[in-house]
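Below: the structure, in structure tokens.
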Amino acid sequence: MNSRTRTRNEQAVVRHVRLSPEDGATLDALSRDLLSAHGSSTAPDLIATALEQTHRLPTTLVEELRTLRLHETVPALVVHGLPVDDKRIGPTPLDWQDRKEHDESEVHEVFLVLVAGLLGDIFGWSTLQNGRLVHDVLPMPTQEKEQSGHGTVELAWHTEDGFHPYRCDYLLLLGLRNHDAVPTVVAGIDGVQLDQKHRSVLTQPRFLIRPDNEHLNQARVLVEGSGEVHPMQHMQDSPEPCAVLFGHPDQPYLRIDPVFMSAMPGDAEAAAALDALTGELQRHLVEVALDPGDLLVVDNYKAVHGRSAFSARFDGTDRWLKKAVVTRDLRRSRAHRGAAHERVLL
Ligand SMILES: [Fe+2]
């Protein structure tokens, strides 16, 4: 963890908590136990029993996540101190599909599943990493210019899956390797200054957000030859107008992804309000370089996130994170899932 003094904005956006070495060791042992008992980090019975493990988790972790969830006091939290062994996790794969089954990194996925259980329900997308519930975020030689977790160009900050009505409430990122201290960037909505006119416009459904390429490309593959139109293609062709700010007027939630959104055609007032908010969020960005064993929890209704550009070596030493998304109410997306207990949005 960077020990320099943090600015007031940094403190307001990201809360840092450090687990003791004993707590870190407890979490590691628990993750290994659960993985050997259930055979897979995302086995349905492991996920189903995650909540029952609460009493075995460090009190600090449980209380911090409860406060974030219930009181929304900070938009992002970093929990430091999960032990990650750089040698044991092996080289950073060159492709998320290359990761070996049941490798050491799967132990750390169990930690994400446990944290997800304290916040809500972990879920996935059929259009991302084959519906996996825990993703590998790593640079891929064929994807360097993409706006995704596999690129190396600057990943413009955004609400996670902001185009989708059933996007996550929380985004979890766990650092496994980050030798170059590549920063993740975060900004919260609470600190921004907006005049009343802009604020009011931003609460009205005068904006369009379209899906990103990773979702859209895979959506096209999924329906290829079926004659069907994937729901994400609908969201691309005729996006539903949405508001950027919603919830409580004094402490609003936000939904924004400047690269993939615009004001409604011809609505100059909405475009100006979006520009004002974009500029303010940009001004309030905070950098967080996730070290091995650092967990970043982003409240996806209160904060945006992105990543700085970096150079990949593709020699097994590149940045490698694990990622999961969590909803507080899986039921809302029932029309997009095959069965009530299914966690993958089709
Ligand atoms: Fe993201």
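Where a number appears in this text, it was derived from the coordinates with a stated rule and is not lab data. None of these values were measured; they are calculated from a predicted model. Every residue, glycine among them, receives a Cβ derived from its backbone with ideal geometry; neighbour counts consider all protein chains shown.
Results, tabulated for the structure shown:
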quantity: Stretch gain in nm, segment Gln251-Thr317, where the contour uses 0.36 nm per residue and the Cα spacing is subtracted; calculated: 19.6 nm
quantity: Extension gain (nm, one decimal) between Arg8 and Leu222, 0.36 nm per residue minus Cα-Cα; calculated: 72.4 nm
quantity: Separation of alpha-carbon centers, segment 279-345 and segment 65-121, rounded to whole Å; calculated: 11 Å
quantity: Sequence ranges 93-104, 132-143, ranked by mean other-Cβ count within 10 angstrom, highest first; calculated: 132-143, 93-104
quantity: In order through segment 258-267: 3J(HN,Hα) via Karplus (6.51 cos²θ - 1.76 cosθ + 1.60), integer Hz, x for Gly, Pro; calculated: x, 5, 10, 9, 7, 6, 4, x, x, 8
quantity: Net charge, Ala187 excluded, C-beta distance under 11 Å - Lys, Arg +1, Asp, Glu -1; calculated: -2
quantity: Two-site label geometry, Thr142 and Thr54: point separation in nm, points 7 Å out along Cα→Cβ; calculated: 4.4 nm
quantity: With Cα atoms, 0 to 90° folded angle of helix 268-283 axis to the chain main axis; calculated: 30 degrees
quantity: Summed residue charge, Cβ within 13 Å of Thr73's Cβ, Lys/Arg positive, Asp/Glu negative; calculated: -1
quantity: Tilt relative to the chain, helix 105-119 - C-alpha long axis, 0 to 90 degrees, to 10; calculated: 60 degrees
quantity: Cα-projected label distance for Lys87 with Thr73, points at 7 Å along beta-carbon direction, nm; calculated: 4.1 nm
quantity: Listed peptides 120-131, 268-279 by packing density, highest first (mean Cβ within 10 Å); calculated: 120-131, 268-279
quantity: Asp180 versus Asp98: modelled label distance in nm, points set 7 Å from Cα along the beta carbon direction; calculated: 1.6 nm
